[in-house]
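Chemist: Before I ask anything, let me first share the structure, which is written out below as structure tokens.
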Amino acid sequence: QLPADPPYLRGLNPEQRDAVLTTEGPVLVLAGAGTGKTAALTARLAHLLYTRRAWPSEILAVTFTNKAAREMRERVGRLVGEAVEGMPWLGTFHAIGAKMLRRHAELVGLQSNFTIIDTDDQLRLLKQLIVAADIDEKRFPARSLAGLIDQWKNKGLTPEQIDAGEAERYANGRGQELYAQYQARLKAVNACDFGDLLLHMLVLFRTEREVLELYQQRFRYIMVDEYQDTNSVQYLWLRLLAQERKNIACVGDDDQSIYSWRGAQVENILRFERDFPGAKIIRLEQNYRSTPHILAAASGVIAHNGGRLGKELWTELDQGEKVRVLGVWDGPEEARRVGEEIESVQRRGQSLDDVAILVRAQHQTREFEDRFIAIGLPYKIIGGFRFYERAEIRDALAYLRVVHQPADDLAFERIVNVPKRGLGDKAVARIHQLARGIDAPLSTAAARILDTDELTGAARKSLGRFVGDIARWRDMANELPHPELARQILDESGYTAALQAEKSAEAAGRLENLTELVRAMEEYESLEAFLEHVSLVMDNDAAKDAPKVTIMTIHAAKGLEFDTVFLAGWEEGLFPSQRAMDEGGTASLEEERRLAYVAITRARRRATILHAANRRIYGQWTSSLPSRFVGELPQEHIETETSMTGGESLWRANWSEHADPFANLARGSGRGPGWQRAASAGSGFTTTAQPRVIEARASAVTLGAKPRADLAVGQRVFHQKFGYGAIAEIEGNKLEIDFEHAGRKRVMDSFVTAG
Ligand code: ATP
Ligand code: MG
């Protein structure tokens, strides 16, 4: 029995109430951003519990992120109290899939304590299979196979269901075979990957009647947020689970479908009506989030997409400020302006928690991070690592550290076999042992072990090359500007080539990050200054719960809202992305436009869109055009401001600083003014570098002067690898030994014990 005014219905509009109170039968809420879809879904959950239509364990509620699940749980908790305790089936598809699979693991040949492997493990496993299958991994990288297998799993396809056409997509038709082997291998080690969490359960639903019936009975009510981004396997799940009771409520917005690259299908919205005949379709049109200007700006952009389901949005909020479109000179100025703006809203009393910067590509966050550190503005990065914490950035930094600081063992260890150069654990263990023995850094030990026979064959050759590279890079450090040095190191070490060979979107992103790193280096006078900056950045952990500006990608911002939002880098080639532009068709451009719509509609009160006239891309200044989406913003709802025309002095200052960014383009020269600027700064670097080199040499001399006192010519000694022998010659730390079985060898004294 419903009390007159249950707390969760308060303030809901009639359509939202309809979505809450229509508990029986299929319901689809199809509505634009900020219309209270998630709010309605949360109230619906509260209603089901409050009215005892279901126990907490009888409701399946799917959210897009774990964070969203937590928030929903908290909100329902506030609305109905402890009834929310034990909502075991509230979470993401993956979390729910994992929980189910643990219960039925044995039915798919796993044990309930199976491991969920990550991408690294996945790639390693695939590589082994590829090698075993005698496939050229360089031509057909593990990563592309991994991507393909993910796609198949997202579509709900098991190896048996891969047809010849699909199999053709990897290594001339061997995709299916490898997929099957991969699945077998996973089973053998009692593991599964992310895709399996859903796929195994789908297979069980289809093949084990009792399993399906168990969950069909259990879930009296099913609800799904962000429904437009479900993929096929998720859709198939929902259809099977809801078949019996048909109490399924989904909320979504076709204009916010932004995960098609991960297999999401907006068509699932259309399929819903077909698969659940008589479904009640509810449309919400009142937006409670954004001011009219913001809403109109977003609607104006998305109106350029074709094939939309179409909807009206209105709001009762005050007109508010127009959306600002800010043209700046270049990336650094963009970060500077945003920093200033944020400080000014902060002065007006707004919390930093209500401010967000949304970017299209991960690598864009770096410029903001550096700026905010410089001015002491606390920030956090959501849905990704902070720039300098990303794996590829850490790898690159490790190379630079090894070159700059020979004693940096952690850095050496990180990259000694990255990219893979055949220096396995064994070889590294030998180097370690020697380093301990002679009390020298690993990079020194690595060089000295080559004077001996400790390492043989491929490992020796490979280490020789690596040691030679490091020595050459150290020399180069005295001559080249440091960004150029970094670029050469990344090329010569094979790091860049390894990423290029992967040909995946992820690898492309990593390459962009590396380019961004080299770019960042140009802003520092020397390698030393740059590395110093980085260590400070790494240390910048503002107090845990102090308010912070949020920096994140638009993808990660789905479903969220902030009072003040900055949308950075609205330029052709960045947003829409070059990839989307190159693909040519309308589909990818329309997905970019939906991203633009998602981005603008995150703002409650203030939205500022920025575009820079110049970006440094691959070390070159390139003039960039404002995004086509800027042009699509309805004039009457925006206010345009360009710092370049307003302040000529600023313009000039920048101009002289960077020289002529366009001249470079016109000449098509391989070297932008950025490099030239860095080159002149490089001379400063040489002087600071000098003492360091001398120091390194000095330490090598000292090391040579510390031979072991307990050894003498003629003495019998034992060596781990070569066995017993007699010392024939002693030269510093190096020994010539006549081994009983191995013959004469040169070894380091730290590897022998007096026999
Ligand atoms: P998105 O498409 O971005 O996920 P949404 O449709 O899920 O948006 P919500 O996040 O549920 O929208 O709601 C947007 C904002 O409007 C929230 O701050 C929410 O609290 C508020 N809101 C929702 N419904 C109402 C209402 N009936 N009255 C007042 N405020 C509301
Ligand atoms: Mg929502």
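The values are calculated or read from the model by the stated rules, or taken from the named source; none is laboratory data. Keep in mind it's a predicted model, so treat the numbers as computed, not measured. Every residue, glycine as well, gets a Cβ built from its backbone with ideal geometry; the counts of neighbours run over all protein chains shown.
Chemist: Of the conditions (1) part of a helix (DSSP H, G or I); (2) in contact with a strand residue (DSSP E or B) (Cβ under 8 Å, 6 or more places away or on another chain); (3) within 16 Å of ligand 1 (Cβ to nearest atom); (4) in contact (Cβ under 8 Å) with a residue 60 or more places away in the chain, Asp255 clears all except one; give me its number.
Modeler: Of everything listed in (1) part of a helix (DSSP H, G or I); (2) in contact with a strand residue (DSSP E or B) (Cβ under 8 Å, 6 or more places away or on another chain); (3) within 16 Å of ligand 1 (Cβ to nearest atom); (4) in contact (Cβ under 8 Å) with a residue 60 or more places away in the chain, Asp255 misses just condition (2).
Chemist: Considering only the stretch 1-81, give the helices (runs of 4 or more DSSP H) lying wholly within it that have at least 3 residues that are within 14 Å of ligand 1 (Cβ to nearest atom), within 35 Å of the chain's Cα centre (by Cα) and crowded, with 23+ Cβ neighbours inside 10 Å.
Modeler: Helices (runs of 4 or more DSSP H) meeting the threshold: 37-50.
Chemist: Still on this structure, I have one more. Return a yes/no flag: does the stretch 305-320 have any residue that is touching a residue at least 12 places away in the same chain (Cβ under 8 Å) and within 23 Å of Val549 (Cα to Cα).
Modeler: Checked against the condition, which is being touching a residue at least 12 places away in the same chain (Cβ under 8 Å) and within 23 Å of Val549 (Cα to Cα), the stretch 305-320 yields at least one hit.
Chemist: Met223: closer than 30 Å to Arg73 by Cβ and within 16 Å of ligand 2 (Cβ to nearest atom), yes or no?
Modeler: When the stated conditions are applied, Met223 passes them.
Chemist: Select from the stretch 553-594 the residues that are surrounded by 19 or more Cβ atoms within 10 Å (Cβ to Cβ), part of a helix (DSSP H, G or I) and touching a Ser or Thr at 6+ places or on another chain (Cβ under 9 Å) and list them in ascending order.
Modeler: Matches in the stretch 553-594: Ala556, Ala557, Ala580, Glu591, Glu592, Arg594.
Chemist: I want to confirm something. Restricting to the stretch 274-285 and keeping residues that are surrounded by fewer than 18 Cβ atoms within 10 Å (Cβ to Cβ) and at negative phi, which single residue is farthest from ligand 1 (Cβ to nearest atom)?
Modeler: Among them, the one singled out is Pro277.
Chemist: Further question on the same structure: Kindly indicate whether Leu129 is touching a residue at least 24 places away in the same chain (Cβ under 8 Å), farther than 30 Å from His47 by Cα, touching a strand residue (DSSP E or B) at 6+ places or on another chain (Cβ under 7 Å) and crowded, with 17+ Cβ neighbours inside 10 Å.
Modeler: no
Chemist: Scan the stretch 30-49 residue by residue and report those that are touching a Phe, Trp or Tyr at 6+ places or on another chain (Cβ under 7 Å) and either closer than 23 Å to Arg218 by Cα or away from ligand 2 (no atom under 13 Å from the Cβ) (or both).
Modeler: Of everything in the stretch 30-49, those that are touching a Phe, Trp or Tyr at 6+ places or on another chain (Cβ under 7 Å) and either closer than 23 Å to Arg218 by Cα or away from ligand 2 (no atom under 13 Å from the Cβ) (or both) turn out to be Ala43, Ala46, His47, Leu48.
Chemist: Continuing with this model, one more query. Hey, can you tell me all the residues within the stretch 270-327 that are closer than 21 Å to Ala249 by Cα and outside any loop (DSSP other than H, G, I, E, B)?
Modeler: Leu270, Arg271, Phe272, Glu273, Arg274, Asp275, Lys280, Ile281, Ile282, Gln286
Residue-by-condition table, conditions (1) within 16 Å of ligand 2 (Cβ to nearest atom); (2) over 24 Å from Asn268 (Cα atoms); (3) touching a Gly at 6+ places or on another chain (Cβ under 9 Å):
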position	(1), (2), (3)
Asn13	yes, yes, yes
Ser57	no, yes, yes
Ala61	yes, no, yes
Leu79	no, yes, no
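Chemist: Please identify the pairs in which a residue from the stretch 62-73 that is farther than 9 Å from Leu90 by Cα has its Cβ atom under 6 Å from the Cβ atom of a residue that is charged (D, E, K, R), counting only partners at least 6 apart or on another chain.
Modeler: Every condition considered, the pairs that remain are Phe64/Glu226.
Chemist: A further question follows. Does the stretch 417-425 include one or more residues that are free of Cβ contacts under 8 Å to residues at least 12 places away in the same chain, out of contact with any His (no Cβ under 6 Å at 6 or more places or on another chain), part of a helix (DSSP H, G or I) and surrounded by fewer than 16 Cβ atoms within 10 Å (Cβ to Cβ)?
Modeler: yes
Chemist: Follow-up. Checking the structure you have, find out if any residue of the stretch 393-416 is farther than 30 Å from Ile373 by Cα and either surrounded by 18 or more Cβ atoms within 10 Å (Cβ to Cβ) or of a type in the set (A, V, I, L, M) (or both).
Modeler: yes
Chemist: Consider Ser112 against the criteria (1) in a helix (DSSP H, G or I); (2) modelled with pLDDT under 90: it satisfies all of them except one. Which criterion is unmet?
Modeler: (1)
Chemist: Name the residue that is farthest from ligand 2 (Cβ to nearest atom), counting only residues in the stretch 282-321 that are polar (S, T, N, Q) and closer than 12 Å to Ala31 by Cβ.
Modeler: Of everything passing the filter in the stretch 282-321, Gln286 is farthest from ligand 2 (Cβ to nearest atom).
This table checks each residue for (1) modelled with pLDDT of 95 or more; (2) charged (D, E, K, R); (3) under 15 Å from Thr608 (Cβ atoms).
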| site | (1), (2), (3) |
| --- | --- |
| Glu312 | no, yes, no |
| Thr315 | no, no, no |
| Arg324 | yes, yes, yes |
| Trp329 | no, no, no |
| Pro332 | no, no, no |
| Val338 | yes, no, yes |
| Ile342 | yes, no, yes |
| Val345 | no, no, yes |
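Chemist: Answer yes or no as to whether Tyr8 is of a type in the set (Phe, Trp, Tyr) and touching a residue at least 60 places away in the same chain (Cβ under 8 Å).
Modeler: So Tyr8 passes the test.
Chemist: If I filter the stretch 588-604 down to residues being of a type outside the set (A, V, I, L, M, F, W, C) and within 12 Å of ligand 1 (Cβ to nearest atom), which single residue comes out as farthest from Val325 (Cα to Cα)?
Modeler: Step by step, filter the stretch 588-604, then rank; the result is Arg594.
Chemist: What number of residues within the stretch 125-161 satisfy the criterion of being hydrophobic (A, V, I, L, M, F, W, C), under 23 Å from the mean Cα position of the chain (by Cα) and within 22 Å of Ser232 (Cα to Cα)?
Modeler: Counting residues in the stretch 125-161 that are hydrophobic (A, V, I, L, M, F, W, C), under 23 Å from the mean Cα position of the chain (by Cα) and within 22 Å of Ser232 (Cα to Cα) gives 5.
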